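A short worksheet on the structure shown next.
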Amino acid sequence: MKLHRFTWLIAGLLLIYPGSLAADKEPKVLVINSDAGIEKYKVAQEEFTGTLSRPVRAINLDDPKWKIADVENLLYDEYPDLVYCIGSKAYLIAHRFISEKDIVFSSIVNWQRFPVTGKTYGVSVELHSGIQMTLFRYIFPKVKKIGVLYSTKYNSEWFKNTSTESKEMGIEIVGKSIAESKQSIDALRESLPAVDALWLIPDPLLMEDKDNLMKLFKACESRKLPVFSYHDSFIDYGALLVVSVDAPTIGRQAAGIAAEILSDGTIDEKVQYPAGSHIILNLKKVKEYGLQYNEAALSAVNQIVE
Amino acid sequence: MQRITHHITRFPGDKRLRGILGCCAVVLAVTITAFAAADKTTIYFYSSETSINNFKSLKMEFDRYLTKFGPYELQPFSDRESFEAHIKGKDQYVLLLSSWHYSKIYKDNALIAELAGTRKGEKYQRRILVAKDDAVKGGRIASASSIQHTNSYLKKMLRSNYELVATPILTVPKDIDALMSVGFGMARLALTTKNALDELQTINPTLYQKMKVLAEGEASLLLIVAVPERFSKDGQPLIAAIKNMASDPEGREKLGMLGLDGWQALDPSDTLKLETQ
């Protein structure tokens, strides 16, 4: 009888063992969301988990139950093979405790200011300037000269590269550098007569003074100068066209990078530009300014303001 | 309704009579509302071909436009499963869907294709596979079509070479995004349309010159307007309103949101192609 029981025990163990081995081999993936209450972060997480098609554990740092010490314990207990970090808070925590692991990030403004390792991958938060210009042209084929205000401290390199790229597209970028935010109105007045539109870029100097920014929009409005920008919120200020990043694509792109890392595939670019765009067009203003636009491009516009 | 009940409560005389009148008013208002909703014909929209995701604007603009012609509304869907589940068992509706999707569901739902969308006067389009490097053997493919639709296209387009190229698909919102993903290094290949590549030639000629067409698919019809057989006769006023959109500046603007510039009736050869796709 005893022998019979022992045989069953061995058989049972043999049945369970290969299964547990397989379970051990399944890579562990953890998602750390800096704040799942932010719609774009939430969508990126949903698309990531939906696209990766593997079991994923997710935590939301905005949930009060997740204190730093608890996250630290979780990271060491779980010791995931790959972490997807949404937002800078999530990235900094993952990098601090398990920088030896593969980390994929997204939704980090100016990611270059953060520490990285050879195992850091990600999707940057801004569209490539060439993509933005292509889409400006797609909606407004007649735009030839675009004004840009920028600070030499933060964006001289960007301006140089963008000017070169724009020439290849037959667009002329008319740039005015500023040393402080207050100079932007004068700089705008100087460049106004020569341009078809103003391209408002995420320059920290331009963005630091909200009142000044409002004045800038008003100055453009009074001269019926279209403002193209990079963030949805500028539509309320009076931007005519906003070309920004498509949040769901960011999540899918991050999942693609994660899948390639986990399958030991090659990654062409460790930190990639976002592949999807989100366009808002103020059609009411387009008509008010008497601008010609490409009607066929309306299918590419995600939101029309009328 | 509030206004009716307000007048009744002020009605002089017997309390019982006021009560009866009040009940009648409520029943009448509910019946009118129910009939109005039941009489509304909905255009259900889902495109597996392009990730049109401007649903809020699309619904608002189409509803505003279609109201001029009758009790019509647009209901866009972001996924195939919900779309198909929603139309199941219903009789009175019009569908806007891709030709590929139509060929998959027309038998089960007893559908008739009435119109095909046009772009620059053409109702057919061609899907193409492009890359910057014509020797590329695989890598991430950017596509604005659903994953199922993309795989189906690739299998037809590449036949025996499909396994070689069948690699991860990155779904992007628009055909132009797919092209730019290749141009700016986020994907090695793009499944897009010939039309999108032609547009790129105008807006970014330098990028266009870098693109190599690796494979070309068969011509397929653009967006299809379909109705259930049972509703084919009664649905004609709405079909006519859709067909005439191109002759009205406001209608043309709404069509632009679907990437189209008109509609054309299908001839027998179109229907045959559509059903054997």
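None of the figures in this text is laboratory data; all of them are computed from the coordinates on show. Everything numeric here is computed off the predicted structure, so don't read it as measured data. With ideal geometry, Cβ positions are generated from the backbone for all residues, glycine too; neighbour counts draw on all protein chains shown.
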Check: How big is the gap, in Å, between the Cα center of the range A:194-209 and the Cα center of the range B:130-151?
Finding: 36 Å
Notebook entry, point to check: Taking H as built 1.01 Å from N, whose amide H comes closer than 5 Å to the amide H of B:W263, not counting residues under 5 places away?
Noted result: B:T118, B:A246
Margin query: Just checking the output field for A:247-256: average partner chain Cβ neighbours within 10 Å of each residue's Cβ?
Written below: 4
Checklist line | Exposure proxy ranking, count of Cβ atoms within 10 Å, fewest first, for A:H278, A:H95 | finding: A:H95, A:H278
Notebook entry, point to check: What is the sum of charges around A:Y76, taking Lys and Arg as +1, Asp and Glu as -1, for the other residues whose C-beta is under 13 Å from the C-beta of A:Y76?
Noted result: -2
Note to self: Quick check on packing: order A:58-69, A:232-243 by the mean number of other C-beta atoms within 10 Å, highest mean leading.
What the structure shows: A:232-243, A:58-69
Next item on the list: Once you have a ≥ b ≥ c as the square roots of the Cα gyration tensor eigenvalues for chain A, tell me rounded if a/c is under 1.5, and otherwise prolate or oblate according to whether a/b is larger than b/c.
Entry: prolate
Next item on the list: Mind checking which lysines have their Cα closer than 20 Å to the Cα of B:K59? Skip sequence neighbours fewer than 8 apart in that chain.
Entry: A:K284, B:K40, B:K68, B:K174, B:K243, B:K254
Notebook entry, point to check: Which angle between 0 and 90 degrees, to the nearest 10, do you get for helix A:88-98 versus the longest principal axis of chain A when only C-alpha atoms count?
Noted result: 30 degrees
Notebook entry, point to check: Where does the charge balance sit around A:D209 when Lys and Arg score +1, Asp and Glu -1, over other residues with C-beta under 10 Å from its C-beta?
Noted result: 0
Next item on the list: Return the average number of partner chain Cβ atoms within 10 angstrom of each residue Cβ along peptide B:194-206.
Entry: 4
Checklist line | For peptides B:228-235, B:140-147, A:223-230, sequence by mean Cβ density within 10 Å, most packed first | finding: B:140-147, A:223-230, B:228-235
Item checked: Average other protein chain Cβ within 10 Å of Cβ, residues A:271-284 -> 5
Check: In what sequence, highest mean first, do A:103-109, A:171-177 appear when ranked by Cβ atoms within 10 angstrom?
Finding: A:103-109, A:171-177
Notebook entry, point to check: Once both axes come from the Cα atoms, what is the angle between helix A:39-52 and the longest principal axis of chain A, in degrees from 0 to 90, rounded to 10?
Noted result: 50 degrees
Checklist line | Mean ellipticity per residue at 222 nm, deg cm²/dmol - from DSSP H runs of n ≥ 4 across the protein assembly as shown, formula -39500 (n - 2.57) | finding: -13500 deg cm²/dmol
Next item on the list: Grab the other residues whose beta carbon is less than 13 angstrom from that of A:I267, score K and R as +1, D and E as -1, and report the net.
Entry: -1
